[in-house]
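To keep things clear, I will list the structure first and then write my remarks on it.
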Amino acid sequence: MKYRFFIILLLLVAAALGITVGLVRRVHGYQRAVYHGRHVSEWAADLFPNFDPRGTNEALQAIRALSANAVPALRSQLQAREPFYEKPFVQNAGRIPVSTRRYLYQKIEPGQSFVGRLTAARALGVIGPAAVAAVPDLIASLKDPTGEIRWAAAEALSRLGVPGLSALAAVATNENAMLRQAAVYGLGEAGTNAAPSAGVIIDRVLDPD
């Protein structure tokens, strides 16, 4: 009986330690992505709707200063998706009484995940090669149903150095025309840095899509 109690106690202690370590890591990760009292998600939101990666505004400076420290948070933001109830709500909003509809709009805030994904992709491109860990996430975003996010992901990949450009060159031969278009756009945004992929781009000239 005592042995069983001891085992249960050890399991409880281990679980408590695991939860504590997880919380500490989350807090530490959040703090690493804070610049001048604002989280990178807030700075990234300032890139919407007008965005020029060649600019020098405060948001761009903050994101560049955070550099790799901001990448884990931006990767998580890039992976966010709309809650399952958002689309049905938007589709049927016209049937809901005005006062109730207004209240639900304030609570659900439709479109937030779209803005989050878009600004995360843009911010990763601003960081540049230091955001190379996000290449798989950006490649996945080339499949996003929203064209604006696909282009933002492609442009971000064009700014992540050789790994990003190599990934775009590989996607440029994908059987999915939508992905090929985004990849070629990204390679175009890279300018002369995409010279090693010239053969792939030339092949796309004959692409029926």
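All of the numbers you see were taken from the coordinates with simple rules; none came from a lab. In this text the structure is predicted, and so the values were computed from the model without any measurement. Note: ideal-geometry Cβ built from the backbone for every residue, glycine included; neighbour counts use all protein chains shown.
Some observations on this one:
- Here r is the Cβ-Cβ distance between GLN79 and VAL162 and R0 is 25 Å; the resulting FRET efficiency, rounded to 0.05, is 0.55.
- Shape call, region 144-209: gyration tensor on alpha carbons, a/c limit 1.5: oblate
- In a fully extended conformation the segment linking ASN50 and ARG204 would gain 52.4 nm over its present Cα-Cα distance, using 0.36 nm per residue.
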